[in-house]
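K.L.:
Before I ask anything, here is the structure I am working with.
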Amino acid sequence: MSFESLGLAPAVLRALTEQNYNTPTPIQSEAIPLILDGHDLLGGAQTGTGKTGAFGLPLLNLLAKQTGVNGPRKPRALILVPTRELAVQVTESLRGYAKYLRTNICAIYGGAGMGPQTDMLRRGVDVLVATPGRLIDHMERGTAKLDAIEILVMDEADRMLDMGFLPAIKRILGRVPTQRQTLLFSATFEAQLKQLALEFMRQPQQVQIAARNLVVDTIAHKAHPVDGGRKRDLLIEILAARPNDRVLVFGRTKHGCNRLSEQLEAAGLKSVAIHGNKSQAQRQKALNAFKANKARVLVATDVAARGLDIPNLPLVINFDLPMVAEDYVHRIGRTGRNGATGEALSLVSPDEGGLLRQIQRILKDDIVMEVIEGFAPTRPIRMGSDAPGARGANPRGPGGRPGGNGPRKPAIGGIGKGHL
């Protein structure tokens, strides 16, 4: 099957061809025709299966059929996502698909100034990508108008519920037109999501793509328990004991990655950092320095590291465990490639036990816990269901997405990023 056979507009096909996207993924092959036909859709798919293209391509196709709107443009499509990072990622992908369309795609999310976002909304937006909390802020100020929404997408809906966004989602759903097309994508469909679908969707079609396990057996996994405040010292000790190895270190935040890279430099370890606040040119410069052995350590966030190709990388270290267990697979996939052996070390603080538990479910195996002499944590690592970040007991799937506040439900683990 090809994208041409799915009935997409020539302008969209042209953009896909330029990006060397020629063959749709399974979720795209099944979902795109149903969306183009106007159906509401429940899409079961994990990160990395191509779900952004599955809803983004037909969404742009449908909006492109109606042009010539007079006056400032109100959003005609709304895409709700759980995190700032996903908002940025989805927006960048949609802008790539819409390169030859006259479609304005913008994102609003917390952690950024309200002023520029308000100006952007006033100038007119066709497709609005938003995190629920920040969208509520704009709704209360009257700067986000949702009365013209034709297509509503809830991406990673299970994770939004995990993070306690259900009340916000219901408020938003109460402000969009009832006559609309609704697309809900989730790794799994628990009772809350099914109830949400019954309340707000019209006879939805359902597409389910099975999870794939991309964890290769040439990677050795190990975790070192340590207090959060001593992670940096332990990392320096590990790196000093392996002076000939290049190492990719993953942090959770942009500021944290910058600070850690500076601290490693101060300790005499040549280090560079890449994250979302750096330009593409800056990221490439840092990556080139790492590949050329001018820097031993590359510190990166998940979003910035997406798609990195680093040959002969022996070691990946999780300075912070990922908040989404599936991202562990993506991270460690940078080592152990093409049959080579690799190591994945995780520095785990006592309050990250729940996150480690979810990762073990994806691996379907325990991770060896090894205390480094002099760095034993002052509290034990709690792996039970009451640990922060953990889900309830008796999960029905082999993995999960630890979230923030609110009810937590198990999810199916499984796949790295890197598809359309």
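The values are calculated or read from the model by the stated rules, or taken from the named source; none is laboratory data. Keep in mind that this is a model prediction, so the values were computed, not measured. Every residue, glycine among them, receives a Cβ derived from its backbone with ideal geometry; neighbour counts consider all protein chains shown.
K.L.:
Pick from LEU101, LEU146: which is farther than 20 Å from LEU184 by Cα and part of a loop (DSSP other than H, G, I, E, B)?
P.N.:
Just one listed residue meets the conditions, LEU101.
To keep it simple, each residue is scored yes or no on (1) charged (D, E, K, R); (2) within 23 Å of the chain's Cα centre (by Cα).
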position	(1), (2)
LEU260	no, yes
LEU264	no, no
SER279	no, yes
ARG283	yes, yes
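K.L.:
For a quick check of your reading of the model, give me the residue pairs whose first member lies in the range 72-84 and is under 21 Å from LEU161 (Cα atoms), whose second is of a type in the set (Gly, Ala, Ser) and surrounded by 20 or more Cβ atoms within 10 Å (Cβ to Cβ), with beta-carbon atoms closer than 7 Å and at least 6 apart or on different chains.
P.N.:
LEU78/ALA130; LEU80/ALA130; VAL81/ALA87
K.L.:
How many of the residues in the range 261-280 are hydrophobic (A, V, I, L, M, F, W, C) and either buried (at least 22 other Cβ atoms within 10 Å of the Cβ) or touching a residue at least 60 places away in the same chain (Cβ under 8 Å) (or both)?
P.N.:
4
K.L.:
Same structure, new question: What residue, among those in the range 356-374 that are loosely packed, with under 14 Cβ neighbours inside 10 Å and over 14 Å from HIS224 (Cβ atoms), is nearest to the chain's Cα centre (by Cα)?
P.N.:
Across the range 356-374, the extreme among qualifying residues is LYS364.
K.L.:
Taking MET120 as the residue in question, decide whether it is in contact with a Cys (Cβ under 6 Å, 6 or more places away or on another chain), over 19 Å from GLY56 (Cβ atoms) and surrounded by 15 or more Cβ atoms within 10 Å (Cβ to Cβ). Don't jump to the end; show me each part of the working.
P.N.:
On the way: in contact with a Cys (Cβ under 6 Å, 6 or more places away or on another chain): yes; over 19 Å from GLY56 (Cβ atoms): yes; surrounded by 15 or more Cβ atoms within 10 Å (Cβ to Cβ): yes.
Yes.
K.L.:
Scan the range 237-251 and report the pairs whose first residue is at pLDDT below 95 and whose second residue is part of a strand (DSSP E or B) and surrounded by fewer than 17 Cβ atoms within 10 Å (Cβ to Cβ), with Cβ atoms within less than 9 Å and a gap of 6+ or a chain change.
P.N.:
Sorted first by the residue in the range 237-251, then by its partner, the list stays empty.
K.L.:
Criterion first (in a loop (DSSP other than H, G, I, E, B) and more than 23 Å from LEU34 (Cβ to Cβ)) does GLY133 satisfy it?
P.N.:
So GLY133 fails the test.
K.L.:
Return the total of residues in the range 32-44 being closer than 10 Å to ALA187 by Cα and out of contact with any strand residue (DSSP E or B) (no Cβ under 6 Å at 6 or more places or on another chain).
P.N.:
Final tally of qualifying residues: 0.
K.L.:
I need a count of the residues in the range 232-289 that are of a type in the set (Asp, Glu) and within 20 Å of ARG331 (Cβ to Cβ).
P.N.:
Counting residues in the range 232-289 that are of a type in the set (Asp, Glu) and within 20 Å of ARG331 (Cβ to Cβ) gives 1.
K.L.:
Let me ask something additional. Identify, by number, the condition in (1) surrounded by fewer than 24 Cβ atoms within 10 Å (Cβ to Cβ); (2) β-branched (Val, Ile, Thr); (3) modelled with pLDDT of 95 or more that VAL69 doesn't meet.
P.N.:
(3)
K.L.:
Is it the case that the range 181-199 has a residue that's among the hydroxyl-bearing types (Ser, Thr, Tyr), in contact with a helix residue (DSSP H, G or I) (Cβ under 9 Å, 6 or more places away or on another chain) and closer than 24 Å to ASP137 by Cα?
P.N.:
yes
K.L.:
Sort out which residues of the range 297-314 are at pLDDT 85 or above and either among the β-branched types (Val, Ile, Thr) or surrounded by 20 or more Cβ atoms within 10 Å (Cβ to Cβ) (or both), and write them in order of number.
P.N.:
Just the residues of the range 297-314 that are at pLDDT 85 or above, to begin with: 297-301, 313-314.
Selection gives VAL297, LEU298, VAL299, ALA300, THR301, LEU313.
K.L.:
Go through the range 314-347 and report how many residues are over 13 Å from PHE250 (Cβ atoms) and among the hydrophobic types (A, V, I, L, M, F, W, C).
P.N.:
Going through the range 314-347 one residue at a time, the tally reaches 2.
K.L.:
A follow-up question, please. Any idea which of TYR100, TYR109 is surrounded by fewer than 24 Cβ atoms within 10 Å (Cβ to Cβ), touching a Gly at 6+ places or on another chain (Cβ under 9 Å) and on the phi < 0 side of the Ramachandran plot?
P.N.:
Only one candidate passes the filter, namely TYR109.
K.L.:
If you check VAL127, VAL88, which single one turns out to be within 24 Å of GLN19 (Cα to Cα) and modelled with pLDDT under 95? Lay out the reasoning, then the answer.
P.N.:
Values: VAL127 fails: modelled with pLDDT under 95.
Answer to the check: VAL88.
K.L.:
If you don't mind, there's one more thing I want to ask. Quick check, is ASP155 closer than 30 Å to ARG122 by Cα, touching a residue at least 24 places away in the same chain (Cβ under 8 Å) and surrounded by fewer than 18 Cβ atoms within 10 Å (Cβ to Cβ)?
P.N.:
Values: closer than 30 Å to ARG122 by Cα: yes; touching a residue at least 24 places away in the same chain (Cβ under 8 Å): yes; surrounded by fewer than 18 Cβ atoms within 10 Å (Cβ to Cβ): no.
In short, no.
K.L.:
Okay, next question. ALA31 - would you say it is more than 30 Å from ARG252 (Cα to Cα), hydrophobic (A, V, I, L, M, F, W, C) and outside any loop (DSSP other than H, G, I, E, B)?
P.N.:
yes
K.L.:
Right, here's the next one. I need the full set of residues from the range 345-370 which are at pLDDT below 85, assigned to a helix (DSSP H, G or I) and not hydrophobic (A, V, I, L, M, F, W, C), in order please.
P.N.:
Selection gives GLN358, ARG361.
K.L.:
What tally of residues in the range 6-43 results from selecting those that are more than 23 Å from PRO204 (Cα to Cα) and small (Gly, Ala, Ser)?
P.N.:
Residues flagged as more than 23 Å from PRO204 (Cα to Cα) and small (Gly, Ala, Ser) within the range 6-43 amount to 3.
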